[in-house]
Amino acid sequence: MRDAAPTTIYLKDYAPFGYCVDNVELEFTLHPTATRVKSRIAFRPNPETTDRTFFLHGEQLKLISAAIDGAPVTPEVTDTGLTCDAPDAPFTFEAEVEINPQANTALEGLYMSNGMYCTQCEAEGFRKITYYPDRPDVMGVFTVRITAPQDEMPVLLSNGNPEGMGSDAPDTHYAVWHDPWPKPAYLFALVAGHLIAHEDSFTTASGKHVKLAIWVRPGDEHKCAFAMEALKKSMTWDEEVYGREYDLDEFNIVAVDDFNMGAMENKGLNIFNSSAVLASPETATDLNFERIEAIVAHEYFHNWTGNRITCRDWFQLCLKEGLTVYRDAQFTADMRSAPVKRINDVIDLRGRQFPEDQGPLSHPVRPESFQEINNFYTATVYEKGAEVIGMLKRLVGDEAYKKALDLYFDRHDGQACTIEDWLKVFEDTTGRDLSQFKRWYSQAGTPRLSVAEAWEDGTYTLTFTQTLPPSATTPDPQPQVIPINIGLLSPNGDEVVPTTMLEMTEATQSFTFDGLATKPTPSILRDFSAPVVLDREADSAERAFLLAHDTDPFNRWEAGRALARATLSAMATEGATPETAYLDGIAAVLRDDSLDPAYRALMLGMPGQSDLAGSIAQAGMTPDPMKIWQASETLKQALAQHCQDLLPRLYAESHVDAPYRPDAEQSGKRALASAALSLLSRLDGGAQAAQQYQKADNMTLQLSALGCLLSAEAGEEELQAFYDQWQADRLVIDKWFMLQIVHADPTKAAAVTQTLTEHPDFNWKNPNRFRSTLGAFAMNHAGFHAADGSGYGLMTDWLIKLDPVNPQTTARMCSAFQTWKRYDGDRQGLMRDAMERIMGQQGLSRDTGEMIGRILNA
Ligand code: TRP
Ligand code: ZN
């Protein structure tokens, strides 16, 4: 049972705070169990409101003293904050509180990780540090003084520019930091510890010198070079593409082992999950490098989209996150291959955002209510939020997008803004009315787009119908503006109409193309121009034709994927055999050496099992996880056999001789080699994988070989050798945990996971380790959904155990149950029982309570 009835917060109830903050002075005296925080905050009445209620957020704080303008006050204190009488004139509030960083396992507020102090304040963690109006529309200039033992904590960091260090007592020292840019409390950060800097510098376009440093624990300093290069590239890119320069004397990044998410954009002091920053060729894979580059860029880009212009309230989260994800995707497309990036993003969208949008957790890109804001850092807010910006850019064009962004930065620099402010700059730039477009922000769910075609006297007509299923947050859906990129191909494969954007605004709308000699084949939704499900009853001949001829790289890949989806679904539901159009079509693409290896590697991929279960459910059938697993195994085996002459050549030709570089070119080749190896291993029982494992001199090759061996139910020895080799490297041992579970036969996955949770290295309080184990288990689709409920039971036990320790990470992992309504009655019953068991826990966190409550009330 939850302790108290949860309160729901609504967007419509927004009201400004009664006071503005001019200045904040904080003094930290660090101690593992009794840190003292003194604050001195200059408030003044907010001219925007007459409400002078003086409530400061504060949780888990021990109040030592408080004063207004120097006179002691005794505020009324509850578990959520303090209230006291305050003047209707400028005044200074002072307080001293005590907090216990060592006891903070939730990793929100000030906590300790491996002997270092660090903070995580977004979204509402600052209230666990001191009493403060902890809301993003209250922005102040912070000065921070940190005092700590000199030997244990030689490095003391906070936001902004350093203003000196010193000592005023034996064995202790202090540092002062001043951040001249007004900021909300969620961007506050503090780090203290025994850390080593990997240093560099950057000169901005206007000639400002910036000191750069990545701070890590001793022993990790050789794993920073790649992230540093990524940072410098990001700084240059933001200057060149968005005209945005960095604005402080220093930019610091700190790597932390215990962290709930990927990274955090605190002003001038980004804090990163060590998995999102540390990399060397021996310990990180190509995919790790690519992810690090993207996350470094993402956090850096937040300096403008998030920090200089922030959110008025947390309902506006997509204002900074959708835009920053969009910007980091543009960056990756520029640094690497644009089509490959687009395809990977769509795979991710379908894998994470579509299930969310089509299930009980569905919510608009800008939600209108929540209980716990941490539960809304979702694929919908981030990834669909980025898609919405992509559509806006398609609709207004590149030039208008650039002008609108310039206006956005000019008009709103230093402000806390809303989606209305964002859309207004586009309206003012283009003269367009964006009120219909705005539905992308307010309506939940994935629109489905069906297509009918007609051909008469040289005129080709495409008629589209959009439908958005009603949902709890969107009971009465209205038509949205959908940019549909299309191209038309003639029967010989020539493009008769190049990519054209159709702007759909009605529920049903037709578009005609005149003067065509023969009936064309349409290539619809090129570049995935809108986040919708395209319902097109195409036959496999048409898909095979597009797979062979489409000039749009996304849609060419998509044609192969649609063939795979159709054949897998027929195999899993009707016992069909693998479709030759798919096997022949893929083989033909693989033979085409003019195609980028990374692109060919993507062609070898297949829809994931959970993704397939979703398609089967959408087609009105009940997915059987075991049959889906068997269908994908069978299809992989068939593809391996069908391509058996081709695979050895692909594998050999993709070999990289040059010294390891994690760039797009080399990693594309390795991706193709590894896709080929995984099929080859189905033919040779893992013989070549074992050879690759022996010779591997980088983690990409080592790990892909080990994965192939495990899938072939081999590799016992290699698995042990891998552990022995990497025992001391946390991030590599995370991979060791994950790999065994991901590659486990589904009938054994629960047992494998159970055994791993008994391993001495299973530090379940570390989010990375927990995710590598239980998170990986949720990804073993047929294993998690085992018919006897063993998978649900295992997951539930662990979620219940983790919840009191780390509610944020627990709540995120509850999404494993979000698709429960897709499955048969027995499985639904088992999942309902599991969720009710979670719901029945004494003292269940608000985070987990909200998630399970929403999923159950489907
Ligand atoms: N704002 C961060 C980002 O997207 C993510 C974030 C939000 C976060 N809340 C967090 C990170 C809590 C760690 C912990 O870049
Ligand atoms: Zn972000």
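The values are calculated or read from the model by the stated rules, or taken from the named source; none is laboratory data. These figures come from a predicted structure and were not determined experimentally. Note that we place each Cβ from the backbone using ideal geometry, even for glycine, and neighbour counts take in every protein chain shown. We work out accessible area using only protein heavy atoms, side chains counted, and drop any ligands, DNA or RNA first. Shrake-Rupley method; radii C 1.70, N 1.55, O 1.52, S 1.80 Å.
Residues of region 313-335 that are near ligand 1 (Cβ under 10 Å from one of its atoms), open to solvent by 10 Å² or more (accessible area, probe 1.4 Å) and among the acidic types (Asp, Glu): Asp328 alone.
Tell me the strands (runs of 3 or more DSSP E) entirely within region 4-120 that contain at least 1 residues that are open to solvent by 40 Å² or more (accessible area, probe 1.4 Å) and of a type in the set (S, T, N, Q). If you could, list the steps in order and put the result at the bottom.
Numbers: elements: 19-29, 35-45, 55-57, 62-68, 81-83, 91-99, 109-113, 116-120.
Correct list: 19-29, 62-68, 81-83.
The condition of being part of a helix (DSSP H, G or I), charged (D, E, K, R), modelled with pLDDT of 95 or more and within 16 Å of ligand 2 (Cβ to nearest atom) holds for only one of Glu293, Glu239, that being Glu293.
Looking at region 260-279 only, could you name the residues that are outside any helix (DSSP H, G or I) and away from ligand 2 (no atom under 14 Å from the Cβ)?
Going through region 260-279, the residues outside any helix (DSSP H, G or I) turn out to be 260-273, 277-279.
Residues satisfying the conditions are Gly268, Leu269, Val277, Leu278, Ala279.
Number of residues in region 268-306 that are crowded, with 21+ Cβ neighbours inside 10 Å, within 14 Å of ligand 1 (Cβ to nearest atom) and not β-branched (Val, Ile, Thr): the value is 17. With respect to (1) away from ligand 1 (no atom under 14 Å from the Cβ); (2) farther than 13 Å from Ala185 by Cα, the lone exception for Pro133 is condition (2). Among the residues of region 474-520, the ones that are open to solvent by 70 Å² or more (accessible area, probe 1.4 Å), of a type in the set (S, T, N, Q) and under 30 Å from Asn857 (Cα atoms) come to 1 in all.
Does any residue of region 806-817 turn out to be under 15 Å from Pro360 (Cβ atoms) and in contact (Cβ under 8 Å) with a residue 60 or more places away in the chain? For region 806-817, residues under 15 Å from Pro360 (Cβ atoms) and in contact (Cβ under 8 Å) with a residue 60 or more places away in the chain: present.
Every condition in (1) out of contact with any Cys (no Cβ under 8 Å at 6 or more places or on another chain); (2) assigned to a strand (DSSP E or B); (3) in contact (Cβ under 8 Å) with a residue 60 or more places away in the chain; (4) open to solvent by less than 50 Å² (accessible area, probe 1.4 Å) holds for Leu212 except the one numbered (3). With respect to Thr310, determine if the residue is open to solvent by less than 10 Å² (accessible area, probe 1.4 Å), without any contact (Cβ under 8 Å) to a residue 60 or more places away in the chain and either over 13 Å from the mean Cα position of the chain (by Cα) or away from ligand 2 (no atom under 11 Å from the Cβ) (or both). Spelling it out, it is not the case that Thr310 is open to solvent by less than 10 Å² (accessible area, probe 1.4 Å), without any contact (Cβ under 8 Å) to a residue 60 or more places away in the chain and either over 13 Å from the mean Cα position of the chain (by Cα) or away from ligand 2 (no atom under 11 Å from the Cβ) (or both).
So that you can scan it fast, the table gives a plain yes or no per residue for (1) open to solvent by 40 Å² or more (accessible area, probe 1.4 Å); (2) modelled with pLDDT under 95; (3) among the hydrophobic types (A, V, I, L, M, F, W, C):
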position	(1), (2), (3)
Ser678	yes, no, no
Gly685	yes, no, no
Tyr693	no, no, no
Leu703	no, no, yes
Trp726	no, no, yes
Lys735	no, no, no
Thr753	no, no, no
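The number of residues in region 387-400 being farther than 17 Å from Arg526 by Cα and in contact (Cβ under 8 Å) with a residue 24 or more places away in the chain comes to 2.
State whether the residues of region 402-412 include one that is more than 29 Å from Ile9 (Cβ to Cβ), of a type in the set (Ser, Thr, Tyr), away from ligand 1 (no atom under 14 Å from the Cβ) and over 21 Å from the mean Cα position of the chain (by Cα).
Step one: list which residues in region 402-412 are more than 29 Å from Ile9 (Cβ to Cβ), which gives 402-407, 409-410.
So of that shortlist, the ones also of a type in the set (Ser, Thr, Tyr) come out as none.
Scanning region 402-412 turns up no residue that is more than 29 Å from Ile9 (Cβ to Cβ), of a type in the set (Ser, Thr, Tyr), away from ligand 1 (no atom under 14 Å from the Cβ) and over 21 Å from the mean Cα position of the chain (by Cα).
Within region 347-381, restricting attention to residues that are touching a strand residue (DSSP E or B) at 6+ places or on another chain (Cβ under 7 Å) and outside any loop (DSSP other than H, G, I, E, B), which residue is nearest to ligand 1 (Cβ to nearest atom)? Applying the filter and picking the extreme gives Phe376. Taking each residue of region 826-841 that is under 18 Å from Asp803 (Cβ atoms) and looking for partners that are open to solvent by 30 Å² or more (accessible area, probe 1.4 Å) and hydrophobic (A, V, I, L, M, F, W, C) with beta-carbon atoms closer than 7 Å, six or more apart or interchain, yields Ile838/Ile800; Gly840/Met1; Gln841/Ile800.
Considering (1) in a helix (DSSP H, G or I); (2) among the charged types (D, E, K, R); (3) under 27 Å from the mean Cα position of the chain (by Cα), the lone condition that Asp724 does not fulfil carries the number (3). Here Ser540 passes the criteria (1) in contact with a Ser or Thr (Cβ under 9 Å, 6 or more places away or on another chain); (2) over 21 Å from Gln637 (Cα atoms); (3) at pLDDT below 95 except the one numbered (2). For Asp345, the conditions (1) more than 16 Å from ligand 2 (Cβ to nearest atom); (2) open to solvent by 20 Å² or more (accessible area, probe 1.4 Å) are fulfilled apart from (1).
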